[in-house]
Amino acid sequence: MACTAFAIIRLRNLFSVVILSGIFSLLAASLYVLLTAVDVAFTEASVGAGISTLLMLATLAITSEYEKKSERSTLLPKSIVIVTGAVLIYGTLDMPLYGAADAPANLHLIQRFIEESGKEIGIPNIVTSILASYRGYDTLGETVVIFTAAIGVLVLLGHGRNRWRPGKQPKIARDEQEEEV
Amino acid sequence: MEFPGLINYWIVVVLMMSGFYIVISQGNFVKKIVGLNIFQVSVFVLYISMSKIDGGAAPILDEAIKNYSNPLPHVLILTAIVVGVATTALGLALIVRIKDAYGTIEEDEIIVQERNDS
């Protein structure tokens, strides 16, 4: 995964960048399977690797396929990234070891979910019962966010009379409107 | 220290920093969005690593299994993935509009155009 990320930094052909990001998502999905998060892996493979890549390819079709070489110096970003990374790694030294059953995150609530959710909800998949029942409002909020994003996309790319359509120059669109009036 | 130790978290930091680097150093907007996605995935991996318990099975109830991974981070990340795609879609729509308005998706060229206009 780190290799794909570095390749994305170096490459200038945006098409390969997008395909690499799809591969990156797929690798992430297989990592989730190894970490026993099967539901997350399923979502990442379909939504992350599938729909995102598709959306980005559609954008590339409308815009350009090559990135121009940047004139800016990379010294400042590099130093910021290295300092931040060092601080974050220092922060991880306090974290519980990977796979520890007594980590604070694994002590509360979870026992109850594991013992009771089968009886209370009647679904064997604990993730589903938490998602749809115990944290139902959270999921409602998520759908509101998606709805808002959909409205935003429609407003930005809308095909109404008063909108400039993607792929047309603004000036032409304005002229057409004046002709119609 | 035995093998897995904290290595998962260090990989997360490396991924997160490469995403961050793409966002702040590259001028192309599509590439910035890809960088944001990498950053996002690194946060997901952080949460999922925290939820893993040694010998724990996937959180699907079965009589024979006593030890499960922590299902709560899985739920949070499921929500986050879907919201992430929604924000990606919005960002890409903005890029299409920027292309319409300026004829380019390079940040440097847009700054030059703005300077010439004013």
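The values are calculated or read from the model by the stated rules, or taken from the named source; none is laboratory data. The structure displayed is predicted, hence computed values, not measured ones. Note that we place each Cβ from the backbone using ideal geometry, even for glycine, and neighbour counts take in every protein chain shown. Note: areas computed on protein heavy atoms with side chains; ligands, DNA, RNA excluded. Shrake-Rupley method; radii C 1.70, N 1.55, O 1.52, S 1.80 Å.
Quick notes on this one:
- FRET efficiency estimate (nearest 0.05) - Cβ-Cβ, A:SER73 to B:VAL112, R0 25 angstrom: 0.90
- Rolling a 1.4 angstrom probe over the protein heavy atoms with all chains in place gives chain A an accessible area of 61 Å² per residue.
- Label positions at B:ASN67 and B:ALA101, each projected 7 Å from the Cα along the C-beta direction, are separated by 5.6 nm.
- Cα-Cα separations in chain A greater than 29 Å, expressed as whole percent: 51
- Qualifying GluC sites (Glu not before Pro) in the range A:1-106, where qualification requires a DSSP coil assignment and no more than 14 other C-beta atoms within 10 Å, comprise A:GLU65, A:GLU71.
- Buried surface for the A/B pair, taken as the accessible area of each chain alone minus that of the pair with a 1.4 Å probe, is close to 7600 Å² in total.
- Whole-Hz ³J(HN,Hα) from phi, Karplus 6.51 cos²θ - 1.76 cosθ + 1.60, for the range A:25-38, glycine and proline x: 4, 5, 4, 4, 4, 5, 4, 5, 4, 4, 8, 6, 9, 5
- Three-way shape label, the range B:7-117, alpha-carbon gyration tensor, a/c 1.5: prolate
- Cα lying deepest toward the dipole's positive end in the protein assembly as shown, options B:ILE38, B:ILE98, A:PHE42, charges on Cβ: B:ILE98
- Here, the range B:18-65 has an Rg and a Dmax of 17.1, 55 Å when only alpha carbons are counted.
- Over all Cα atoms in the range A:83-152, the spread is summed up by Rg and Dmax: 17.8, 50 Å.
- Peptide A:102-115, shielding by other chains (average Cβ, 10 Å cutoff): 4
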